[in-house]
Amino acid sequence: NSINNKPLLSNTWINYDGKKAGVTAGNISENLESFFNGRGVKFYAKGDEESHNLEAAMVQKSYNLLGDNLDYGYAAYAKASLKDSSGRQYNSTLIFDYSPLEQSRSLLSSNSVSLLNKKNLLMSVNVGAGLSQNILNNDDIKPSFSLGTNLSGSYRKFNFSSNNFYSTAYYPGIRGG
């Protein structure tokens, strides 16, 4: 009956990977525009050349597969990736997060497109939008926005990289302003 005597089971999952689709159950951890960790399930589908991917997951924010005494909330996301014939990569992610400890619920959309995909020069643009709501006051909804660029390349023996990001206040992503 003591919290200290409760067993801990973490970093454990089972995965089934078919030719076109798969599922993972157990501890799910994804590095997205918002941290996504917990126990839950993830479904994914792959295109013919793995240039088209769909993924969706839902987790209860608990690192212990056997459960916790606290309610850390839950989160869900859907993600799509597409690569066209010219080599441009398009990524779009929609994340919902409910966090009673932070007294908030949020919705976040993050989208990126690679504008340049040359041998020695890569550039992408990221655009995001979010809504954050105070769960103690349903009328307290804060909109937010983000914009970013990534540039990397090489010239002879020199490598360069630049990552620039701007976000407004209340942006629910990990790079909030």
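What follows is calculated from the coordinates using simple rules that are stated; it is not laboratory data. These numbers come from a predicted model, not from an experiment. Cβ atoms come from the backbone with ideal geometry, glycine included; neighbour counts cover every protein chain shown.
What does the charge add up to near residue 107, with Lys and Arg as +1, Asp and Glu as -1, over the other residues with Cβ less than 14 Å from its Cβ?
Every neighbour counted, the sum reads 0.
Normalised by the residues of the stretch 134-177, what does the relative contact order come to in percent, with Cα pairs under 8 Å and at least six apart?
It comes to 34 percent, rounded to a whole number.
R0 = 30 Å: FRET efficiency of residue 140 with residue 82, Cβ-based, nearest 0.05?
0.25
So what is the diffusion coefficient of the chain in µm² per second by Stokes-Einstein at 10 °C and 1.306 mPa s, using a Kirkwood Rh over Cα pairs?
D = 86 µm²/s.
Running Debye on the stretch 112-177 with equal point scatterers at the Cα sites and no solvent, what base-10 log of I(q)/I(0) appears at q = 0.19, 0.28 Å⁻¹?
These q points yield log10 I(q)/I(0) values of -0.75, -1.10.
I need to check one value: relative contact order of the stretch 44-155, counting alpha carbon pairs closer than 8 Å and at least 6 residues apart, in percent.
Here the relative contact order equals 17 percent.
When a/c is below 1.5 the answer is rounded, else prolate if a/b is larger than b/c, else oblate, so apply that to the stretch 13-99 with a ≥ b ≥ c taken from the square roots of the Cα gyration tensor eigenvalues.
It comes out oblate by the Cα gyration axes.
Residue farthest toward the positive end of the dipole of the chain, with Cβ of Lys/Arg at +1 and Asp/Glu at -1: which of 146, 73, 91?
My answer, from the dipole projection, is 91.
Can you tell me the relative contact order of the stretch 1-99? Whole percent, Cα pairs under 8 Å, sequence separation 6 or more.
21
Please give every one of the aspartates and glutamates within straight-line cross-link reach of residue 42, meaning a C-alpha to C-alpha distance under 19 Å, and leave out same-chain neighbours fewer than 8 residues apart.
Straight-line reach from residue 42, under 19 Å: 17, 30, 33, 50, 55, 97.
For the chain, with only Lys/Arg (+1) and Asp/Glu (-1) charged at the beta-carbon, what is the dipole magnitude about the Cα centre, in debye rounded to 20?
700
What are the residues whose amide H is under 5 Å from the amide H of residue 64, where those residues sit 5 or more places off or on another chain and H is modelled from the backbone?
It is none; the list stays empty.
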